[in-house]
Amino acid sequence: ERICPYRLDAPLAPDVAARLENVRIDPAVIAAAFRALEQDHDVTLVEGAGGLLVPILNRYTMADLARDLDLPLLVVVDSKLGAINHTLLTLEAATARGLTVRGYVLNHASAADEAAATNASVLARSMDVACLGSINWTPSAERDPGTVVAPAIDWNLLFTGKDEHRRPTGP
C-alpha cells in the first residue's frame, strides 16, 4: 500500500478496472504515496499502466499524473509491428502536454519479430529522443529480470538528462 495504494485485479485500464471493482481512485492518494517514497529514496521510478493517455479516473490520465508529479518520462517501446506509430504518437502527446521525455527503451518481448529488426533504426532517425537501451527477449526462467534490464539501460542519461554518447540500438 505504501508503494502502490491501489491494486486492481482486472487487467484493464485503471478507470475501468476500478469501476468494475467498486474502487474510487483518488489521484491525491497516489501523489501522497509518491511524495512519501520520494523522501526516503534517491531514485523513485513510477510505472504507468496501459500508456500515457489511459484514464486513471474519468478524464484524468497517466499524462496528468506525470505532470502533477513533475515526472520526466521513459517510454518503453514494445518492439514489434506498430511500435513506430505507437511511439511517435506517445511522444507527440507528451510534447503537446508539456511533458519531458528523457528517452525510450526498446523492449523485445518475444523471441522473434521481423519489425523489431528495423524499429530501432527507424525510431532513431524519426525523432530527437535518445534510445536509452534495448532489452532483448530472455525466457523468464533463464535469468533474473534485474540482471537483464539493469545493464541494458543508460541510467545516467535517464536520471541526469546528460548524454554520455551511449545510444544503444536494438538487434
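The values are calculated or read from the model by the stated rules, or taken from the named source; none is laboratory data. It should be emphasised that the depicted structure is a prediction, and the values quoted were computed from it without experimental measurement. When we count neighbours, we look across all protein chains shown, and the Cβ atoms used for this are built from the backbone with ideal geometry, even at glycine.
Taking helices (runs of 4 or more DSSP H) that fall entirely within the range 27-120, which contain at least 1 residues that are β-branched (Val, Ile, Thr) and not assigned by TED's automatic domain parsing to the domain that holds Asp154?
27-40
Would you tally the residues in the range 122-148 being surrounded by fewer than 15 Cβ atoms within 10 Å (Cβ to Cβ), of a type in the set (Ser, Thr, Tyr) and more than 23 Å from Ala93 (Cβ to Cβ)?
Of the residues in the range 122-148, 2 are surrounded by fewer than 15 Cβ atoms within 10 Å (Cβ to Cβ), of a type in the set (Ser, Thr, Tyr) and more than 23 Å from Ala93 (Cβ to Cβ).
Between a residue in the range 2-15 that is of a type in the set (Lys, Arg) and any residue that is surrounded by fewer than 10 Cβ atoms within 10 Å (Cβ to Cβ), which pairs come within a Cβ distance under 9 Å, given they are 6 or more apart or on different chains?
Close Cβ pairs satisfying both conditions: Arg7/Glu1.
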